[in-house]
Amino acid sequence: MFRTVGAKDRLVDRVVNEIQHQIMAGQFTPGMMLPPERELCEQLGVSRTVLREAVRMLVSRGLLETRPGVGTIVKAVTSDHVRQPLAMILTQSGSINLDHLNQVRQILEVEIIQLAAKEATEEEIQQLKSLYQRMEEAAGKPREYSILDGDFHRALAEITHNPFLVILLDAIRDAMESVRILVFNHPGLIATVNEDHRKMIELIETHDPRAAGKAMRAHLDHARKIQSEALSAQTVEDKTHWDLP
């Protein structure tokens, strides 16, 4: 099953790449066990030390799981394998500010809602309405409201049936949730966001992509205005790493 790993490049990296290739190619499916260590070493042509280090790296990537007394199990590949590293890069970068975040949202979310307006089924529209209702009920709970707000926008991405759009939106979700909580006490936030979401649902229900895209642009403009006003009124310490222009 495995190709013998040569010595040209770092052996551990080559073993990691070979096992990962077999997982991605479907040779190993979630729940399957890797061959016994001795057998795998022989197939790959490497020592146990090299194989064990490679397995540790794949466990850290979430592709494998080691179970004492059982063996090494293949885990399911999910969007988290893309989203989490990308989100980490974004959040750890010292040069990311609100303008960058909102520019990305304009690029992604306007297209997302236009596709959603074309594709939405009655069941999916009802899901959006349910999320909207739960947001109204959570108006006095900053964290719950912020999570539901993120759920609403993710639901729009899911309606497009394009997994890449869901992954890209997920990558900025943690950053957006932090901002939403930070500006939650702005006096006009709840009324503005709820009304914007109501309009978006209405336009998706009428399957009007152009008008839905316009509504999303207005919503993101409202969000940026609220962010600027709310953060301008806070102390430098409260603003954390979000830089204002």
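Just so it is clear, none of the values below were taken in a lab; they were calculated from the coordinates. Computed from a prediction, not measured in an experiment: that's the story for all the values here. Note that each Cβ is placed from the backbone with ideal geometry, even for glycine, and that neighbours are counted across all protein chains shown.
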With each pseudo-label sitting 7 Å past Cα toward Cβ, what's the N162-A233 distance in nm, one decimal?
3.7
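Want the number for Q126 to Q103: 0.36 nm per residue separation, take away the alpha-carbon distance, what's left? Kindly include the intermediate steps, with their values, before the conclusion.
Details: separation 23, 0.36 × 23 = 8.28 nm, distance 2.91 nm.
Length gained between Q126 and Q103: 5.4 nm.
Multiply the residue separation of D208 and R10 by 0.36 nm, subtract the distance between their alpha-carbon atoms, and state the gained length in nm to one decimal.
65.8 nm
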Determine, from the Cβ-Cβ distance of R143 and R56 and an R0 of 30 Å, the FRET efficiency 1/(1 + (r/R0)^6), rounded to the nearest 0.05.
0.30
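What is the fewest-to-most order of S47, S146, S228 by other Cβ atoms lying within 10 Å of their Cβ? Before the final figure, lay out the partial values.
On the way: S47 11, S146 21, S228 15.
Starting with the residue having the fewest Cβ neighbours, the order is S47, S228, S146.
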Rank by packing, highest mean first: peptides 114-120, 128-134, 176-182, with packing defined as the count of other Cβ atoms within 10 Å averaged across residues.
114-120, 176-182, 128-134
Give me the number: length gained by fully extending K225 to M24, i.e. 0.36 nm times residue separation minus the C-alpha to C-alpha distance, one decimal in nm.
68.0 nm
Answer rounded, prolate or oblate for the range 162-215, using the Cα gyration tensor with square roots of eigenvalues a ≥ b ≥ c: rounded when a/c is under 1.5, else prolate when a/b is larger than b/c, else oblate.
oblate
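Considering all alpha-carbon pairs of the range 11-74, what whole percent are spaced by more than 20 angstrom? Intermediate results must be reported in sequence, preceding the final value.
Values: 284 of 2016 pairs.
I get 14 percent for the Cα pairs in the range 11-74 exceeding 20 Å.
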Along principal axes, largest first, the alpha-carbon spread of the range 80-232 in whole Å comes out as 41, 36, 24
